[in-house]
1. Using protein chains only and a probe of 1.4 angstrom, how many square angstrom of SER197 are accessible, to the nearest 10?
2. Go through LEU68, LEU196 and list them by solvent-accessible area, largest first, probe radius 1.4 Å.
3. Could you sort LYS77, LYS97, LYS117 by accessible area so the largest value comes first, with the probe set to 1.4 Å?
4. Solvent-accessible area of MET151, probe 1.4 Å, all protein chains present, reported in Å² to the nearest ten, please.
5. For VAL185, what accessible area in Å² do you get when you roll a 1.4 Å probe over the heavy atoms of the protein chains, rounding to the nearest 10?
6. Just reorder TYR186, TYR132 by solvent-accessible area, largest first, 1.4 Å probe, all chains present.
7. What is the Cα centroid distance between the range 157-208 and the range 77-93, reported in whole angstrom?
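The values are calculated or read from the model by the stated rules, or taken from the named source; none is laboratory data. Quantities reported herein were computed from a predicted structural model and do not represent experimental measurements. Ligands, DNA and RNA are excluded from the accessible area calculation, which covers all protein heavy atoms including side chains. Shrake-Rupley method; radii C 1.70, N 1.55, O 1.52, S 1.80 Å.
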Amino acid sequence: METILSVATVASIALVGIVSPGPDFLAVSYAAVAGSRQHARAVAAGVVIGNGIWAGAALVGVGTLFTLFPSLFVAIKVFGALYLMWLGVRLLRNARKPLPDFGSGPAPTSMAISFAKGLSTTMSNPKAAIYYASALTTAAPPSASWTILLMLLFAVIVVAAIWFIFVVEALTRPTAANVFRKFKVYFETIFGVLLLSFGLRQIITRAT
């Protein structure tokens, strides 16, 4: 019973963090409304794996490592912030470029690149490691075995997968795609500004 309660607690904590708007959601939602369902799923898969990596890192004490060596945390945080800002600038620069008609544009991005975009977006946020370290440490029973810890990790991955599958399926419907094409300049401007703000916030709070 204690194990089930721990898994449910971690799943709930993970859900709050994953559903909260952030770079992960922006990456998946933008891929969903701007591209194909297959590529949006690839981006989502990268985000889910990234969450799994950070949660797994929390299991082996990377959160503690960041605490002991804050300069490492700051370095990763700044690099991630610059990456998010670069993505934001790219969106702002391309916001006014109309999308080509279906079938008339350049060859689509490979699935591997779409997956890498999702993974790199999640991995650029080391705060996820601290978040999961806190969640797993708080919810895990005292002297939890590796089996229980792996169950907690699995819960995080399942929650992330369910949420981002929902996002992809909801936003890749024709109505959503048509709305995006019509208001592309506004959507990409908003996405770009948000990514820039996420990056700037990480830079400003790099010492925290």
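1. Roughly 50 Å² of SER197 is accessible to a 1.4 Å probe.
2. Sorted by accessible area, descending: LEU68, LEU196.
3. LYS97, LYS117, LYS77
4. 80 Å²
5. Roughly 40 Å² of VAL185 is accessible to a 1.4 Å probe.
6. The most accessible residue leads, giving TYR186, TYR132.
7. With the range 157-208 and the range 77-93 each reduced to a Cα centre, they are spaced 13 Å.
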